[in-house]
1. Being at pLDDT below 90, in a helix (DSSP H, G or I) and aliphatic (A, V, I, L, M) narrows it down to one of 230, 206, so name that one.
2. Given the structure, is residue 181 farther than 30 Å from residue 27 by Cα, in a helix (DSSP H, G or I) and modelled with pLDDT of 80 or more?
3. Within the range 12-30, take every residue that is touching a Leu at 6+ places or on another chain (Cβ under 9 Å) and not polar (S, T, N, Q) and give me the one that is farthest from residue 66 (Cα to Cα).
4. Could you figure out which of (1) assigned by TED's automatic domain parsing to the domain that holds residue 107; (2) surrounded by 10 or more Cβ atoms within 10 Å (Cβ to Cβ) isn't true of residue 190?
5. Keeping to the range 142-191, report how many residues are under 15 Å from residue 100 (Cβ atoms) and either in contact (Cβ under 8 Å) with a residue 12 or more places away in the chain or among the polar types (S, T, N, Q) (or both).
6. What number of residues within the range 110-125 satisfy the criterion of being buried (at least 17 other Cβ atoms within 10 Å of the Cβ) and out of contact with any helix residue (DSSP H, G or I) (no Cβ under 6 Å at 6 or more places or on another chain)?
7. Looking at (1) assigned to a helix (DSSP H, G or I); (2) modelled with pLDDT of 75 or more, which is the only condition residue 44 fails?
8. Considering each of 147, 167 in turn, give the residue that is part of a helix (DSSP H, G or I) and modelled with pLDDT under 85.
Amino acid sequence: MFRQIARLTHGVLQIFMYGLVILLALASLALLGAGLAGYLPWPEVMVDLGEFGTHNAGPWLIGAVAAFFVGLASFLPSNKRILQLETSHRNFHIRMEDVAKAYYVAHQADRTGVFTMTSEFDGVRERLAFLRDHPDLATLEAGVLEVSAQMSETSRDLATTYSDEAVARARNFLDERTEELLSIRRRIDTAKREMTDIRSRTEATLAASYATKTEVEELRMAAESMLSDLSDIPVQAAAKQGPKLKAVTTEEPAPTKPRTATARKRSATAKPRRPKTGKAENSNVTPLLREPAE
(Lines give C-alpha, C1' and ligand atoms only; values in the text may rest on other atoms or scores of the structure.)
Protein backbone atom coordinates (compact mmCIF):
# COMPACT_ATOMS: atom_id res chain seq x y z
CA MET A 1 0.00 0.00 0.00
CA PHE A 2 2.80 2.44 0.89
CA ARG A 3 4.62 1.66 -2.35
CA GLN A 4 1.54 2.37 -4.39
CA ILE A 5 1.01 5.72 -2.65
CA ALA A 6 4.69 6.67 -3.15
CA ARG A 7 4.54 5.68 -6.83
CA LEU A 8 1.38 7.72 -7.32
CA THR A 9 2.91 10.77 -5.57
CA HIS A 10 6.05 10.48 -7.70
CA GLY A 11 4.01 10.40 -10.88
CA VAL A 12 1.98 13.45 -9.86
CA LEU A 13 5.16 15.44 -9.02
CA GLN A 14 6.74 14.51 -12.34
CA ILE A 15 3.72 15.75 -14.24
CA PHE A 16 3.69 18.97 -12.19
CA MET A 17 7.40 19.63 -12.84
CA TYR A 18 6.98 18.94 -16.56
CA GLY A 19 4.24 21.53 -16.71
CA LEU A 20 6.22 24.04 -14.62
CA VAL A 21 9.33 23.75 -16.82
CA ILE A 22 7.31 24.19 -19.98
CA LEU A 23 5.43 27.16 -18.49
CA LEU A 24 8.65 28.90 -17.37
CA ALA A 25 10.27 28.28 -20.76
CA LEU A 26 7.30 29.83 -22.54
CA ALA A 27 7.19 32.79 -20.13
CA SER A 28 10.92 33.52 -20.51
CA LEU A 29 10.64 33.30 -24.29
CA ALA A 30 7.65 35.68 -24.26
CA LEU A 31 9.48 38.16 -22.02
CA LEU A 32 12.57 38.03 -24.21
CA GLY A 33 10.53 38.55 -27.39
CA ALA A 34 8.57 41.47 -25.87
CA GLY A 35 11.81 43.16 -24.78
CA LEU A 36 13.40 42.72 -28.19
CA ALA A 37 10.26 44.09 -29.88
CA GLY A 38 10.18 47.07 -27.56
CA TYR A 39 6.79 46.30 -26.02
CA LEU A 40 8.29 45.90 -22.55
CA PRO A 41 11.24 47.69 -21.01
CA TRP A 42 14.24 45.66 -20.08
CA PRO A 43 14.72 45.10 -16.44
CA GLU A 44 17.56 47.19 -15.06
CA VAL A 45 20.22 45.06 -13.49
CA MET A 46 23.32 47.20 -13.14
CA VAL A 47 26.59 45.36 -13.11
CA ASP A 48 29.84 47.14 -12.22
CA LEU A 49 32.67 45.78 -14.35
CA GLY A 50 35.38 47.91 -12.85
CA GLU A 51 37.46 49.69 -15.44
CA PHE A 52 34.92 48.67 -18.09
CA GLY A 53 32.26 50.70 -16.38
CA THR A 54 28.73 49.93 -15.28
CA HIS A 55 26.36 48.26 -17.71
CA ASN A 56 22.71 47.11 -17.64
CA ALA A 57 22.71 43.24 -17.64
CA GLY A 58 18.89 42.91 -17.69
CA PRO A 59 18.56 41.81 -21.34
CA TRP A 60 21.37 39.30 -20.93
CA LEU A 61 19.81 37.90 -17.79
CA ILE A 62 16.43 37.43 -19.49
CA GLY A 63 18.14 35.72 -22.43
CA ALA A 64 20.06 33.36 -20.13
CA VAL A 65 16.93 32.40 -18.18
CA ALA A 66 15.04 31.74 -21.42
CA ALA A 67 17.90 29.62 -22.77
CA PHE A 68 18.04 27.64 -19.51
CA PHE A 69 14.34 26.76 -19.42
CA VAL A 70 14.25 26.00 -23.15
CA GLY A 71 17.17 23.61 -22.63
CA LEU A 72 15.33 21.90 -19.78
CA ALA A 73 12.22 21.57 -21.92
CA SER A 74 14.26 19.95 -24.70
CA PHE A 75 15.09 17.03 -22.37
CA LEU A 76 11.45 16.30 -21.57
CA PRO A 77 10.69 14.04 -24.62
CA SER A 78 13.67 11.77 -23.93
CA ASN A 79 12.78 11.63 -20.25
CA LYS A 80 9.21 10.72 -21.23
CA ARG A 81 10.42 7.78 -23.31
CA ILE A 82 12.53 6.55 -20.41
CA LEU A 83 9.54 6.74 -18.09
CA GLN A 84 7.39 4.84 -20.57
CA LEU A 85 10.03 2.13 -20.77
CA GLU A 86 10.10 1.85 -16.97
CA THR A 87 6.31 1.71 -16.88
CA SER A 88 6.26 -1.01 -19.52
CA HIS A 89 8.75 -3.06 -17.46
CA ARG A 90 6.67 -2.57 -14.33
CA ASN A 91 3.45 -3.49 -16.20
CA PHE A 92 4.82 -6.56 -17.93
CA HIS A 93 1.55 -8.50 -17.50
CA ILE A 94 -0.17 -5.96 -19.76
CA ARG A 95 2.39 -6.67 -22.48
CA MET A 96 1.77 -10.39 -22.08
CA GLU A 97 -1.92 -9.77 -22.55
CA ASP A 98 -1.08 -7.98 -25.80
CA VAL A 99 1.00 -10.96 -26.92
CA ALA A 100 -1.85 -13.33 -26.08
CA LYS A 101 -4.29 -11.14 -28.00
CA ALA A 102 -2.10 -11.03 -31.11
CA TYR A 103 -1.41 -14.78 -30.91
CA TYR A 104 -5.13 -15.52 -30.64
CA VAL A 105 -5.82 -13.50 -33.80
CA ALA A 106 -3.04 -15.29 -35.70
CA HIS A 107 -4.10 -18.72 -34.45
CA GLN A 108 -7.73 -18.18 -35.46
CA ALA A 109 -6.62 -17.10 -38.93
CA ASP A 110 -4.36 -20.15 -39.15
CA ARG A 111 -7.27 -22.45 -38.25
CA THR A 112 -9.36 -21.03 -41.08
CA GLY A 113 -6.54 -21.63 -43.61
CA VAL A 114 -5.42 -18.05 -44.23
CA PHE A 115 -1.69 -18.84 -44.21
CA THR A 116 -0.31 -20.98 -47.03
CA MET A 117 3.48 -20.75 -46.68
CA THR A 118 5.17 -24.00 -45.65
CA SER A 119 8.69 -22.91 -44.70
CA GLU A 120 9.35 -21.51 -41.25
CA PHE A 121 10.82 -18.18 -42.38
CA ASP A 122 8.08 -17.50 -44.94
CA GLY A 123 5.42 -18.57 -42.46
CA VAL A 124 6.63 -16.13 -39.80
CA ARG A 125 6.88 -13.31 -42.34
CA GLU A 126 3.38 -14.01 -43.66
CA ARG A 127 1.93 -14.04 -40.15
CA LEU A 128 3.79 -10.86 -39.20
CA ALA A 129 2.41 -9.03 -42.24
CA PHE A 130 -1.09 -10.23 -41.39
CA LEU A 131 -0.81 -9.00 -37.80
CA ARG A 132 0.52 -5.60 -38.88
CA ASP A 133 -2.43 -5.09 -41.23
CA HIS A 134 -5.01 -6.20 -38.66
CA PRO A 135 -7.12 -3.23 -37.45
CA ASP A 136 -7.40 -4.46 -33.85
CA LEU A 137 -3.61 -4.68 -33.41
CA ALA A 138 -2.59 -1.28 -34.75
CA THR A 139 -1.53 0.02 -31.32
CA LEU A 140 0.78 -2.89 -30.48
CA GLU A 141 4.53 -2.70 -30.82
CA ALA A 142 6.45 -4.52 -33.53
CA GLY A 143 8.21 -6.75 -30.98
CA VAL A 144 4.87 -8.01 -29.66
CA LEU A 145 3.67 -8.80 -33.18
CA GLU A 146 6.90 -10.60 -34.02
CA VAL A 147 6.70 -12.81 -30.92
CA SER A 148 3.08 -13.59 -31.67
CA ALA A 149 3.90 -14.51 -35.26
CA GLN A 150 6.65 -16.87 -34.12
CA MET A 151 4.33 -18.50 -31.60
CA SER A 152 1.66 -18.93 -34.26
CA GLU A 153 4.12 -20.56 -36.65
CA THR A 154 5.28 -22.94 -33.91
CA SER A 155 1.70 -24.04 -33.24
CA ARG A 156 0.91 -24.45 -36.94
CA ASP A 157 0.46 -28.24 -36.62
CA LEU A 158 -1.93 -27.70 -33.73
CA ALA A 159 -3.98 -25.26 -35.81
CA THR A 160 -4.08 -27.75 -38.70
CA THR A 161 -5.20 -30.61 -36.45
CA TYR A 162 -7.88 -28.53 -34.72
CA SER A 163 -8.97 -26.51 -37.71
CA ASP A 164 -12.50 -25.17 -37.95
CA GLU A 165 -13.42 -27.81 -40.54
CA ALA A 166 -12.12 -30.68 -38.39
CA VAL A 167 -13.83 -29.37 -35.28
CA ALA A 168 -17.13 -28.89 -37.15
CA ARG A 169 -16.90 -32.43 -38.55
CA ALA A 170 -16.26 -33.84 -35.07
CA ARG A 171 -19.16 -31.89 -33.62
CA ASN A 172 -21.50 -33.13 -36.37
CA PHE A 173 -20.40 -36.71 -35.72
CA LEU A 174 -21.05 -36.35 -32.00
CA ASP A 175 -24.46 -34.77 -32.64
CA GLU A 176 -25.46 -37.67 -34.91
CA ARG A 177 -24.30 -40.28 -32.40
CA THR A 178 -26.16 -38.47 -29.63
CA GLU A 179 -29.35 -38.42 -31.70
CA GLU A 180 -28.99 -42.15 -32.40
CA LEU A 181 -28.52 -42.89 -28.72
CA LEU A 182 -31.61 -40.88 -27.86
CA SER A 183 -33.60 -42.76 -30.51
CA ILE A 184 -32.44 -46.12 -29.16
CA ARG A 185 -33.29 -45.02 -25.65
CA ARG A 186 -36.82 -44.08 -26.75
CA ARG A 187 -37.25 -47.48 -28.41
CA ILE A 188 -36.04 -49.25 -25.28
CA ASP A 189 -38.53 -47.32 -23.16
CA THR A 190 -41.34 -48.22 -25.56
CA ALA A 191 -40.33 -51.90 -25.48
CA LYS A 192 -40.28 -51.85 -21.67
CA ARG A 193 -43.80 -50.43 -21.56
CA GLU A 194 -45.03 -53.04 -24.05
CA MET A 195 -43.41 -55.85 -22.08
CA THR A 196 -44.99 -54.62 -18.86
CA ASP A 197 -48.41 -54.49 -20.52
CA ILE A 198 -47.97 -57.98 -22.03
CA ARG A 199 -46.83 -59.41 -18.70
CA SER A 200 -49.82 -57.96 -16.84
CA ARG A 201 -52.26 -59.20 -19.48
CA THR A 202 -50.64 -62.66 -19.46
CA GLU A 203 -50.95 -62.91 -15.70
CA ALA A 204 -54.59 -61.80 -15.88
CA THR A 205 -55.32 -64.36 -18.62
CA LEU A 206 -53.67 -67.18 -16.66
CA ALA A 207 -55.63 -66.26 -13.54
CA ALA A 208 -58.91 -66.17 -15.50
CA SER A 209 -58.08 -69.51 -17.16
CA TYR A 210 -57.36 -71.15 -13.82
CA ALA A 211 -60.62 -69.80 -12.37
CA THR A 212 -62.57 -71.03 -15.42
CA LYS A 213 -60.96 -74.47 -15.21
CA THR A 214 -61.86 -74.69 -11.53
CA GLU A 215 -65.47 -73.75 -12.22
CA VAL A 216 -65.71 -76.31 -15.05
CA GLU A 217 -64.35 -79.02 -12.76
CA GLU A 218 -66.87 -78.13 -10.07
CA LEU A 219 -69.71 -78.20 -12.60
CA ARG A 220 -68.55 -81.57 -13.92
CA MET A 221 -68.47 -83.09 -10.44
CA ALA A 222 -71.91 -81.65 -9.66
CA ALA A 223 -73.31 -83.07 -12.91
CA GLU A 224 -71.84 -86.51 -12.20
CA SER A 225 -73.39 -86.50 -8.72
CA MET A 226 -76.80 -85.51 -10.11
CA LEU A 227 -76.65 -88.22 -12.80
CA SER A 228 -75.73 -90.83 -10.20
CA ASP A 229 -78.73 -89.85 -8.08
CA LEU A 230 -81.10 -89.92 -11.06
CA SER A 231 -79.99 -93.42 -12.08
CA ASP A 232 -81.04 -94.79 -8.65
CA ILE A 233 -84.63 -93.44 -8.71
CA PRO A 234 -86.50 -96.39 -10.59
CA VAL A 235 -84.94 -99.15 -8.46
CA GLN A 236 -85.82 -97.40 -5.24
CA ALA A 237 -89.45 -96.94 -6.41
CA ALA A 238 -89.82 -100.68 -7.24
CA ALA A 239 -88.32 -101.69 -3.93
CA LYS A 240 -90.93 -99.65 -2.06
CA GLN A 241 -93.88 -101.66 -3.63
CA GLY A 242 -92.87 -104.74 -1.61
CA PRO A 243 -93.81 -108.48 -2.24
CA LYS A 244 -97.31 -107.80 -3.64
CA LEU A 245 -96.08 -107.92 -7.19
CA LYS A 246 -96.59 -111.42 -8.66
CA ALA A 247 -95.72 -111.04 -12.30
CA VAL A 248 -92.85 -109.66 -14.05
CA THR A 249 -93.68 -106.63 -16.06
CA THR A 250 -91.40 -105.75 -18.76
CA GLU A 251 -91.60 -102.65 -20.76
CA GLU A 252 -90.44 -102.14 -24.17
CA PRO A 253 -87.40 -100.00 -24.08
CA ALA A 254 -87.97 -96.63 -25.49
CA PRO A 255 -86.22 -95.95 -28.68
CA THR A 256 -82.89 -94.48 -27.91
CA LYS A 257 -81.88 -91.23 -29.43
CA PRO A 258 -78.50 -90.91 -31.04
CA ARG A 259 -75.96 -89.87 -28.45
CA THR A 260 -74.38 -86.53 -28.90
CA ALA A 261 -70.72 -85.75 -28.43
CA THR A 262 -71.42 -84.20 -25.05
CA ALA A 263 -73.23 -87.32 -23.87
CA ARG A 264 -70.46 -89.57 -25.12
CA LYS A 265 -67.89 -87.42 -23.33
CA ARG A 266 -69.88 -87.55 -20.09
CA SER A 267 -70.33 -91.31 -20.34
CA ALA A 268 -66.63 -91.74 -20.97
CA THR A 269 -65.67 -89.66 -17.97
CA ALA A 270 -68.36 -91.14 -15.67
CA LYS A 271 -67.20 -93.55 -13.00
CA PRO A 272 -68.41 -97.15 -13.36
CA ARG A 273 -71.07 -98.09 -10.81
CA ARG A 274 -71.00 -101.34 -8.96
CA PRO A 275 -74.16 -103.43 -9.16
CA LYS A 276 -76.14 -103.25 -5.94
CA THR A 277 -77.55 -106.33 -4.30
CA GLY A 278 -81.28 -106.90 -4.86
CA LYS A 279 -81.45 -104.46 -7.76
CA ALA A 280 -81.77 -105.18 -11.46
CA GLU A 281 -79.01 -104.26 -13.79
CA ASN A 282 -81.40 -102.78 -16.30
CA SER A 283 -83.36 -99.83 -15.04
CA ASN A 284 -86.13 -100.38 -17.64
CA VAL A 285 -87.05 -103.97 -16.49
CA THR A 286 -89.09 -104.54 -13.35
CA PRO A 287 -87.49 -107.33 -11.26
CA LEU A 288 -89.42 -110.60 -10.54
CA LEU A 289 -90.68 -110.73 -6.98
CA ARG A 290 -91.88 -113.88 -5.24
CA GLU A 291 -95.35 -114.26 -3.79
CA PRO A 292 -95.50 -114.26 -0.11
CA ALA A 293 -95.90 -117.70 1.42
CA GLU A 294 -99.37 -118.65 2.63
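The values are calculated or read from the model by the stated rules, or taken from the named source; none is laboratory data. Everything numeric in this text was worked out from a predicted model, so none of it was measured. So basically every Cβ, Gly included, is an ideal-geometry build from the backbone, and we count neighbours across all protein chains shown.
1. Numbers: 206 fails: at pLDDT below 90.
None of the others qualify; the one that does is 230.
2. Working: farther than 30 Å from residue 27 by Cα: yes; in a helix (DSSP H, G or I): yes; modelled with pLDDT of 80 or more: yes.
So residue 181 fits the description; yes.
3. Step one: of the range 12-30, the residues touching a Leu at 6+ places or on another chain (Cβ under 9 Å) are 14, 18, 21-22, 24-25.
Those still in the list that are not polar (S, T, N, Q) too: 18, 21-22, 24-25.
Numbers: 18: 16, 21: 11, 22: 11, 24: 8, 25: 6 Å.
Within the range 12-30, the match that is farthest from residue 66 (Cα to Cα) is 18.
4. Single failed check for residue 190: (1).
5. Taking the range 142-191 and keeping what is under 15 Å from residue 100 (Cβ atoms), we get 143-152, 154-155.
Now narrow it down to the ones that are either in contact (Cβ under 8 Å) with a residue 12 or more places away in the chain or among the polar types (S, T, N, Q) (or both): 144-152, 154-155.
Of the residues in the range 142-191, 11 are under 15 Å from residue 100 (Cβ atoms) and either in contact (Cβ under 8 Å) with a residue 12 or more places away in the chain or among the polar types (S, T, N, Q) (or both).
6. As a first pass, look at the range 110-125 and keep what is buried (at least 17 other Cβ atoms within 10 Å of the Cβ): 110-111, 115, 123-124.
Cutting the leftovers down to out of contact with any helix residue (DSSP H, G or I) (no Cβ under 6 Å at 6 or more places or on another chain) gives us none.
Of the residues in the range 110-125, 0 are buried (at least 17 other Cβ atoms within 10 Å of the Cβ) and out of contact with any helix residue (DSSP H, G or I) (no Cβ under 6 Å at 6 or more places or on another chain).
7. It fails just one condition, (1).
8. Every option except 147 fails the conditions.
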